[in-house]
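Input: a single structure, listed below in structure tokens.
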Amino acid sequence: MNYYELIQRALDYIENHLTESIVLEELAKESKMSLTNLYRLFYSLTGYTMKDYIRRRRISYASMLLTNTKQRILDIALECQFESQEAFSRAFKQLSGSTPKACRNHTVSAFYLFERIDIMDTYFENQEQALLLKYPDIKVLKKLEPVRVAYYQAYSKTPEFDAFQVLRNWAEKNNLLTGNEKSRIFGFDTPDSKPGEEVYGYEVWMTIDQNFVVSDEKIKTKVFEGGMYAVTSTTIKDIVKTWSRFKEWLKISPYGLGTHQWLEEHLALDKWEAEVPREEDKIDLYMPIKEKEDKIPEEL
């Protein structure tokens, strides 16, 4: 399962437990992620913190109950996991600008609608049935949106280790490893690296806000324009095997190889205490794709 699918599991869990107590640690367990990474990716992919998303969905559900049932406002408040009617009314007014009573009286402006988010529908293309049956793990990402990144390139016998260490130390120094950040971590072999060379290059990215000022001379910034990708999950140990699987998928897919950057996304922020990404660590691979071409380039 790629990280988008794991966040979809979290969203589905929330939807199925709107009227129950939701323990975020249990939500992380259901999503097969650490709580730190769930916080980070949930915000990155939905634009909302988990607590804010849950609150908005509950108030939206409460609006429906207020409009379509005769339940007491107190009972609706308790059903939607608010401690009291007063707490419910404050939250309702904060989001809708009006009161639960006004919503009950069918005041149009008082109704609050916040629809559930479907990550897979939002981000991914519907694939042909034959592809889904043969390659159920490979999904087509409509577009990886443009992002600003801080990055570092290392050239050595162990460039992944070196690049991660430098970027991690910089991120820690700038308080970007607090557990509440929304950054994502990407990496890839530099274009001038050649297979089999003892010394090669590796570049690591950390997504940052547009207004974040980077003052360290070692760390550079740029804007990645994004693009369409085929995405699947693997482990660091099986990267080569997975790239080969992409090649076979591409032959029967309605897509051709794109020219934008190949990427490896590391779910690494809670593992940066380790000296280097480990072989068993799971990562998502992103193969750039575009509309189908007549043949696959020989260099793939």
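The values are calculated or read from the model by the stated rules, or taken from the named source; none is laboratory data. It should be emphasised that the depicted structure is a prediction, and the values quoted were computed from it without experimental measurement. Cβ placement follows ideal geometry from the backbone for every residue including glycine, while neighbour counts extend to all protein chains displayed.
Regarding S21, is this residue touching a residue at least 12 places away in the same chain (Cβ under 8 Å), among the polar types (S, T, N, Q) and in a loop (DSSP other than H, G, I, E, B)?
Numbers: touching a residue at least 12 places away in the same chain (Cβ under 8 Å): yes; among the polar types (S, T, N, Q): yes; in a loop (DSSP other than H, G, I, E, B): yes.
Spelling it out, S21 is indeed touching a residue at least 12 places away in the same chain (Cβ under 8 Å), among the polar types (S, T, N, Q) and in a loop (DSSP other than H, G, I, E, B).
Answer yes or no as to whether T36 is assigned to a helix (DSSP H, G or I) and either touching a Gly at 6+ places or on another chain (Cβ under 9 Å) or not assigned by TED's automatic domain parsing to the domain that holds Y13 (or both).
yes
Can you find even one residue in region 1-16 that is out of contact with any strand residue (DSSP E or B) (no Cβ under 9 Å at 6 or more places or on another chain), over 23 Å from V140 (Cα atoms) and part of a loop (DSSP other than H, G, I, E, B)?
No - not one qualifying residue is present in region 1-16.
Anything in region 222-245 that is of a type in the set (F, W, Y) and more than 20 Å from I119 (Cβ to Cβ)? List them, or say none.
Correct list: F224, W243.
Pick out the one residue from K222, K218, K194 that is part of a strand (DSSP E or B) and either under 17 Å from Q153 (Cα atoms) or in contact with a His (Cβ under 8 Å, 6 or more places away or on another chain) (or both). Lay out the reasoning, then the answer.
Details: K218 fails: part of a strand (DSSP E or B); K194 fails: part of a strand (DSSP E or B).
Being part of a strand (DSSP E or B) and either under 17 Å from Q153 (Cα atoms) or in contact with a His (Cβ under 8 Å, 6 or more places away or on another chain) (or both) holds for just one of K222, K218, K194, which is K222.
Touching a helix residue (DSSP H, G or I) at 6+ places or on another chain (Cβ under 7 Å), under 30 Å from Y255 (Cα atoms) and of a type in the set (S, T, Y), is that true of Y53? Spell out how you get there, then give the answer.
Values: touching a helix residue (DSSP H, G or I) at 6+ places or on another chain (Cβ under 7 Å): yes; under 30 Å from Y255 (Cα atoms): no; of a type in the set (S, T, Y): yes.
So Y53 fails the test.
Please specify each residue of region 36-56 satisfying the condition of being under 29 Å from Y286 (Cα atoms) and surrounded by fewer than 17 Cβ atoms within 10 Å (Cβ to Cβ). Steps first, answer last, please.
So the first thing to find is which residues in region 36-56 are under 29 Å from Y286 (Cα atoms), and the list is 36-50, 53.
Passing the criteria: S44, G47, Y48, T49.
Given the options K251, K241, K222, K218, name the one that is closer than 17 Å to N2 by Cα and over 17 Å from the mean Cα position of the chain (by Cα).
Working: K251 fails: closer than 17 Å to N2 by Cα; K222 fails: closer than 17 Å to N2 by Cα; K218 fails: closer than 17 Å to N2 by Cα.
Just a single option satisfies the conditions, and that option is K241.
Counting only residues that are among the basic types (K, R) and under 20 Å from T235 (Cβ atoms), which one in region 1-39 is modelled with the lowest pLDDT? Please lay out each step first, then the result.
Our first condition is that a residue be among the basic types (K, R); within region 1-39, this holds for 9, 29, 32.
With under 20 Å from T235 (Cβ atoms) added as a condition, the list becomes 9, 32.
Numbers: R9: 94, K32: 87.
Only one residue fits best here, namely K32.
Look through region 67-89, keep the residues that are in a helix (DSSP H, G or I) and at pLDDT below 95, and return whichever of them is surrounded by the most Cβ atoms within 10 Å (Cβ to Cβ).
Step by step, filter region 67-89, then rank; the result is T67.
Mind checking which helices (runs of 4 or more DSSP H) fall wholly inside region 117-182 and carry at least 1 residues that are surrounded by fewer than 16 Cβ atoms within 10 Å (Cβ to Cβ) and basic (K, R)? Talk me through it step by step, then tell me what you get.
Values: elements: 119-123, 129-134, 159-173.
Filter on region 117-182 gives 129-134, 159-173.
Could we say that F42 is touching a Pro at 6+ places or on another chain (Cβ under 7 Å), touching a residue at least 12 places away in the same chain (Cβ under 8 Å) and in a helix (DSSP H, G or I) here?
No: the conditions fail for F42.
Any idea how many residues of region 253-282 are at pLDDT 90 or above and either of a type in the set (D, E) or surrounded by 12 or more Cβ atoms within 10 Å (Cβ to Cβ) (or both)?
In the first step, residues of region 253-282 are kept if they are at pLDDT 90 or above; the result is 253-265.
Among the residues that remain, those that are also either of a type in the set (D, E) or surrounded by 12 or more Cβ atoms within 10 Å (Cβ to Cβ) (or both) are: 253-258, 260-265.
Adding up the residues that qualify gives 12.
Which of the residues that make up region 233-257 are out of contact with any Phe, Trp or Tyr (no Cβ under 8 Å at 6 or more places or on another chain) and closer than 30 Å to K182 by Cβ?
T234, T235, I236, K237, D238, I239, T242, W243, F246, Y255
Taking into account only those residues within region 66-93 that are over 32 Å from the mean Cα position of the chain (by Cα) and of a type outside the set (S, T, N, Q), which is nearest to T107 (Cα to Cα)?
L66
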